[in-house]
Ligand SMILES: [Zn+2]
């Protein structure tokens with residue numbers, strides 16, 4: 001385990017070798033998930049107060065980030081027709097508390113649900129009450145490379161992104177029924193991310209702040225500097241450009257659905273987001289804005305046929 005700051009570590013994209021490290025055999029038996037079935041996504045909530053997204057195949061589901069407590073998560077899952085008992089795995093982007101609540105380890109232990117996190121975040125997990133017990137039960141899987149299979153029928157490949165000291169992880173989930181990309185809490189969109197997400201059918205990407213609202217906000221200037229830095233968050237403009245670069249890098253153009261995550265309540269507004277994305281009339285029709293307090297509808301993933309999209313010049 002390294003404690004080097006993020007900017008001293010090499011960025012990498014997925015490799016062909018899986019390198020999952022489980023520190024003890026997993027003795028907990030989970031109900032077997034059957035591969036196959038329709039692929040759907042529901043964001044249970046997103047923002048600085050908590051982030052959690054469900055990726056569902058049939059009756060089984062994977063949680064990306066667990067930034068609400070188990071009770072709130074179960075309540076929102078019930079509204080979406082699922083329960084916490086449907087969860088087969090949790091994949092974490094990083095361990096800030098809006099992405100992993102400290103109340104989860106005991107619940108995961110009881111349910112026998114494994115979590116997957118990058119090896120550079122593993123030490124942080126050990127500092128959380130119940131983290132060592134998760135490790136000892138064989139339920140804490142750290143990875144240094146990918147792809148790996150967090151749940152039958154889903155292959156996860158990852159890209160490391162810059163965010164604060166330890167960075168964050170962007171995921172791409174490939175299934176026979178389509179593919180989903182997920183990237184939030186990134187200070188900028190590097191070429192590795194653009195290539196990694198090219199061709200996904202549904203893209204969840206951060207769209208955090210409006211520049212003018214940020215610079216004129218009452219927040220301390222050091223907070224604004226951090227949020228607007230290359231290790232902070234993606235602005236509306238950066239998010240828009242990233243989606244268009246991802247579309248241009250892939251064979252199918254724009255993802256069928258684009259889900260915008262982690263909107264700041266203080267320094268952004270849905271109308272500000274809409275105004276940026278409506279510059280591309282084809283793209284604005286595809287966006288879903290998420291909310292901190294409520295879940296989205298289920299978004300059903302359908303692989304897009306190859307098509308040629310109308311080209312608009314990218315901002316240089
Ligand atoms: Zn966050």
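The values are calculated or read from the model by the stated rules, or taken from the named source; none is laboratory data. Treat the numbers as computed from the prediction; the structure is a model and nothing was measured. Here the Cβ positions follow ideal geometry from the backbone for every residue, glycine too, while neighbour counts run over all protein chains shown.
Taking interchain pairs and intrachain pairs at least six residues apart, which have beta carbon atoms under 9 angstrom, with the first residue in the range 46-62 and free of Cβ contacts under 8 Å to residues at least 60 places away in the same chain and over 16 Å from residue 208 (Cβ atoms) and the second within 9 Å of the ligand (Cβ to nearest atom) and not in a strand (DSSP E or B)?
Close Cβ pairs satisfying both conditions: 52/46; 52/65; 52/67; 52/99.
Kindly indicate the residue of the range 46-70 that is in a strand (DSSP E or B) and under 12 Å from the mean Cα position of the chain (by Cα) and also surrounded by the most Cβ atoms within 10 Å (Cβ to Cβ) among those meeting that condition.
Within the range 46-70, the first condition is being in a strand (DSSP E or B), and the residues that meet it are 52-57, 60-64, 66.
Add one more test, that the residue is under 12 Å from the mean Cα position of the chain (by Cα), and what stays is 52-55, 62-64, 66.
Values: 52: 25, 53: 26, 54: 23, 55: 27, 62: 26, 63: 25, 64: 29, 66: 26.
Of everything passing the filter in the range 46-70, 64 is surrounded by the most Cβ atoms within 10 Å (Cβ to Cβ).
Among the residues of the range 171-185, is any crowded, with 24+ Cβ neighbours inside 10 Å, modelled with pLDDT of 95 or more and not in a strand (DSSP E or B)?
Yes - at least one qualifying residue is present in the range 171-185.
Report the residue count in the range 97-108 for those that are surrounded by fewer than 19 Cβ atoms within 10 Å (Cβ to Cβ) and more than 16 Å from the ligand (Cβ to nearest atom).
Step one: list which residues in the range 97-108 are surrounded by fewer than 19 Cβ atoms within 10 Å (Cβ to Cβ), which gives 97, 102-103, 106.
Keeping just the survivors that are more than 16 Å from the ligand (Cβ to nearest atom) gives 103, 106.
Selection size over the range 97-108: 2.
If you check 94, 121, which single one turns out to be within 16 Å of the ligand (Cβ to nearest atom), closer than 17 Å to residue 65 by Cα, part of a helix (DSSP H, G or I) and in contact with a strand residue (DSSP E or B) (Cβ under 8 Å, 6 or more places away or on another chain)?
The match here is 121.
Quick check, is residue 235 surrounded by 17 or more Cβ atoms within 10 Å (Cβ to Cβ) and touching a residue at least 24 places away in the same chain (Cβ under 8 Å)? Let's see the steps before the verdict.
Values: surrounded by 17 or more Cβ atoms within 10 Å (Cβ to Cβ): yes; touching a residue at least 24 places away in the same chain (Cβ under 8 Å): yes.
Judged against the criteria, residue 235 is a match.
Let's see how each residue does on (1) in a loop (DSSP other than H, G, I, E, B); (2) modelled with pLDDT of 95 or more; (3) within 25 Å of residue 187 (Cα to Cα):
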{"site": "237", "(1), (2), (3)": "no, yes, yes"}
{"site": "242", "(1), (2), (3)": "no, yes, yes"}
{"site": "254", "(1), (2), (3)": "yes, yes, yes"}
{"site": "274", "(1), (2), (3)": "no, yes, yes"}
{"site": "293", "(1), (2), (3)": "yes, yes, yes"}
{"site": "304", "(1), (2), (3)": "yes, no, no"}
{"site": "308", "(1), (2), (3)": "yes, no, no"}
{"site": "311", "(1), (2), (3)": "yes, no, no"}
{"site": "316", "(1), (2), (3)": "yes, no, yes"}
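Would you please name the residue that is surrounded by the fewest Cβ atoms within 10 Å (Cβ to Cβ), looking only at residues in the range 152-164 that are closer than 19 Å to residue 67 by Cβ and over 11 Å from the mean Cα position of the chain (by Cα)? Let's see the steps before the verdict.
So the first thing to find is which residues in the range 152-164 are closer than 19 Å to residue 67 by Cβ, and the list is 156, 158, 161, 163-164.
Restricting the remaining residues to those that are over 11 Å from the mean Cα position of the chain (by Cα) gives 156, 161, 163-164.
Values: 156: 26, 161: 27, 163: 24, 164: 16.
So, considering only residues that are closer than 19 Å to residue 67 by Cβ and over 11 Å from the mean Cα position of the chain (by Cα), the one surrounded by the fewest Cβ atoms within 10 Å (Cβ to Cβ) is 164.
Okay, residues lined up against (1) in contact with a helix residue (DSSP H, G or I) (Cβ under 8 Å, 6 or more places away or on another chain); (2) modelled with pLDDT of 95 or more; (3) outside any loop (DSSP other than H, G, I, E, B):
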{"site": "10", "(1), (2), (3)": "no, no, no"}
{"site": "21", "(1), (2), (3)": "yes, no, yes"}
{"site": "25", "(1), (2), (3)": "no, no, no"}
{"site": "41", "(1), (2), (3)": "no, yes, yes"}
{"site": "78", "(1), (2), (3)": "no, yes, yes"}
{"site": "110", "(1), (2), (3)": "no, yes, yes"}
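Tell me, please, whether a residue that is within 18 Å of residue 283 (Cα to Cα), at pLDDT 95 or above, more than 16 Å from the ligand (Cβ to nearest atom) and not in a helix (DSSP H, G or I) can be found in the range 203-215.
Yes, the conditions are met somewhere in the range 203-215.
If I filter the range 268-296 down to residues being free of Cβ contacts under 8 Å to residues at least 24 places away in the same chain and surrounded by fewer than 16 Cβ atoms within 10 Å (Cβ to Cβ), which single residue comes out as nearest to residue 48 (Cα to Cα)?
So the first thing to find is which residues in the range 268-296 are free of Cβ contacts under 8 Å to residues at least 24 places away in the same chain, and the list is 270-271, 274-275, 278, 281, 284-285.
In the following step, the residues that additionally are surrounded by fewer than 16 Cβ atoms within 10 Å (Cβ to Cβ) were identified as 270-271, 274-275, 278, 281, 285.
Working: 270: 16, 271: 19, 274: 20, 275: 22, 278: 25, 281: 29, 285: 26 Å.
Top of the filtered list is 270.
Kindly provide the set of residues from the range 188-232 that are in contact with a helix residue (DSSP H, G or I) (Cβ under 8 Å, 6 or more places away or on another chain), touching a residue at least 60 places away in the same chain (Cβ under 8 Å) and under 23 Å from residue 275 (Cβ atoms), ordered by number.
Within the range 188-232, 207, 208, 210, 232 qualify.
Based on what the data block shows, is residue 246 closer than 18 Å to residue 279 by Cβ, more than 16 Å from the ligand (Cβ to nearest atom) and surrounded by 21 or more Cβ atoms within 10 Å (Cβ to Cβ)?
Values: closer than 18 Å to residue 279 by Cβ: yes; more than 16 Å from the ligand (Cβ to nearest atom): yes; surrounded by 21 or more Cβ atoms within 10 Å (Cβ to Cβ): yes.
So residue 246 fits the description; yes.
Against the definition (within 16 Å of the ligand (Cβ to nearest atom), at pLDDT 95 or above and either assigned to a loop (DSSP other than H, G, I, E, B) or surrounded by fewer than 23 Cβ atoms within 10 Å (Cβ to Cβ) (or both)), how does residue 195 come out, yes or no? Outline the logic, then answer.
On the way: within 16 Å of the ligand (Cβ to nearest atom): no; at pLDDT 95 or above: yes; either assigned to a loop (DSSP other than H, G, I, E, B) or surrounded by fewer than 23 Cβ atoms within 10 Å (Cβ to Cβ) (or both): yes.
The answer is no for residue 195.
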